[in-house]
Structures are given as structure tokens and as C-alpha cells.
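Participant: Quick one: structure below, then a few questions.
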Amino acid sequence: MFSSSLDSIGAKVSSLEFKGRRAVDAEVSEIVRCGYMRMIQLKEGSLLLIVEAPATACHDLDMDARLFFESVRWEDF
């Protein structure tokens, strides 16, 4: 459901495994803003991480988003 909702707004969506859990990454790029999302499936529920910025700050935001996404520690959940 998450993936199909993102597809409908033109996001680039990819499935992956993140630290042994199913996850979905999405990238959205519009004239006025950009954003990166990762949804990680947990045992009970899910975790959604979002990084969003105005278009003027989108340069290299993908690298910052990936560093943020990789910083998740399971002992916090």
C-alpha cells in the first residue's frame, strides 16, 4: 500500500532489506521541494523516516538522508 501510494505521486520507489527487516525507500523531486523516505517494517507496526527540503537545499540531500537512515539503532525499538 505504501509503495502504490508513492507511485501515484511519481516517487522513485525501491524495496530493500534493512538490517534484516523489509523496507521501502522513496525519492520525491518536485520544482519546489525534494524528499527521501524510508519505511521499515517492524514486528508490530512500522517506522517511517523522512527527510524533506526546499529545492534550494536539495543538492546532496540524498547523501544526508542515507546517513540519517543508516543511523537507526534497533535497541531504540
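The values are calculated or read from the model by the stated rules, or taken from the named source; none is laboratory data. All figures in this text were calculated on a predicted structure; none of them were measured in a lab. Positions of Cβ are backbone-derived with ideal geometry, glycine not excepted, and every protein chain shown enters the neighbour counts. What goes into the accessible areas is simple: the full protein's heavy atoms, side chains included, and nothing from ligands, DNA or RNA. Shrake-Rupley method; radii C 1.70, N 1.55, O 1.52, S 1.80 Å.
Participant: So, ARG38, is that one in contact (Cβ under 8 Å) with a residue 12 or more places away in the chain, in contact with a Ser or Thr (Cβ under 8 Å, 6 or more places away or on another chain) and charged (D, E, K, R) or not?
Facilitator: Criteria not met by ARG38.
Matching residues to (1) part of a loop (DSSP other than H, G, I, E, B); (2) basic (Lys, Arg); (3) modelled with pLDDT of 90 or more:
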{"site": "SER4", "(1), (2), (3)": "no, no, no"}
{"site": "LEU16", "(1), (2), (3)": "no, no, yes"}
{"site": "ALA23", "(1), (2), (3)": "no, no, yes"}
{"site": "GLU27", "(1), (2), (3)": "no, no, yes"}
{"site": "MET37", "(1), (2), (3)": "no, no, yes"}
{"site": "ILE40", "(1), (2), (3)": "no, no, yes"}
{"site": "GLU44", "(1), (2), (3)": "yes, no, no"}
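Participant: If you go through region 16-26, how many residues are in contact with a helix residue (DSSP H, G or I) (Cβ under 7 Å, 6 or more places away or on another chain) and either over 18 Å from LEU67 (Cα atoms) or open to solvent by 50 Å² or more (accessible area, probe 1.4 Å) (or both)?
Facilitator: The qualifying residues number 1.
Participant: Every residue in region 44-73 that is free of Cβ contacts under 8 Å to residues at least 24 places away in the same chain, closer than 20 Å to ILE31 by Cα and not charged (D, E, K, R), please.
Facilitator: ILE50, VAL51, ALA53, PRO54, THR56, ALA57, HIS59, MET63
Participant: When region 31-74 is examined, which residues are found to be within 14 Å of ARG21 (Cα to Cα) and surrounded by fewer than 10 Cβ atoms within 10 Å (Cβ to Cβ)?
Facilitator: Within region 31-74, LYS43, GLU44, GLY45, ARG73 meet the criteria.
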